[in-house]
Amino acid sequence: MKSLELLVERIILSSRWLLVVFYIGLVLALAVYAVSFAFKFLKVAGSVFELGEAEMILAMLGLIDAALVASLIVMVMISGYENFVSRFDEAEKEGEVSFLGKLDSGSLKIKVASSIVAISSIHLLQVFLNADQYEDGKIMWLTLMHLAFVASAVMLGFLEKLMSVTSKNDLKDKA
């Protein structure tokens, strides 16, 4: 029975390598998104003298939004791989990924939530700058959705802080 238990544990532990397929897919998605970003950038650069101030601000917000989404993809890829599949041993030795030790699953959730709030903020700002193109009801729903993202991020931050205080107190109690 013990050998069956060991076999099941090895299979379950090895199954984490299936996540690599998802991370490679995210790398490919990031490459496609980079092409999309380059196209948007060239479009903005080509019309730099034709765009008014408000249109240029909207174009820049679109580029910033794309950069935030790309950063979110990279953050999920790196921290997900590091937390669930394997460590980046060589890269850590060379100091390329010194930030990885700071991306546990709790801090990753907060960073992802913060990124979503930032992306939502930019999108909402774009909507407000083009408010005449939207119905009031749609603006209201977008605002409520953004506020839900903000509330979720605040709650995640609060819970993470609460968990860290609880775990510090548990360590003190054990000492």
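Projected onto the charge dipole of segment 1-85 (+1 at Lys/Arg Cβ, -1 at Asp/Glu Cβ, origin at the Cα centre), which of M75, S36, W17 gives the Cα projection farthest towards the positive end? Looking along the dipole axis, the top candidate is W17. Summarising the label geometry, the points placed 7 Å from Cα in the beta-carbon direction at I24 and E9 lie 2.9 nm from one another.
Separation of the alpha carbons by more than 30 angstrom is noted, of K109/K138; K43/K109; K40/K138; K43/K138, for K43/K109.
Laboratory data are not the source of any read-out in this text; all were calculated from the coordinates shown. Since the model is a prediction, treat every value here as computed from it, not as a measurement. Heads up, the Cβs are rebuilt from the backbone with ideal geometry, glycines too, and the neighbour counts pull from every protein chain shown.
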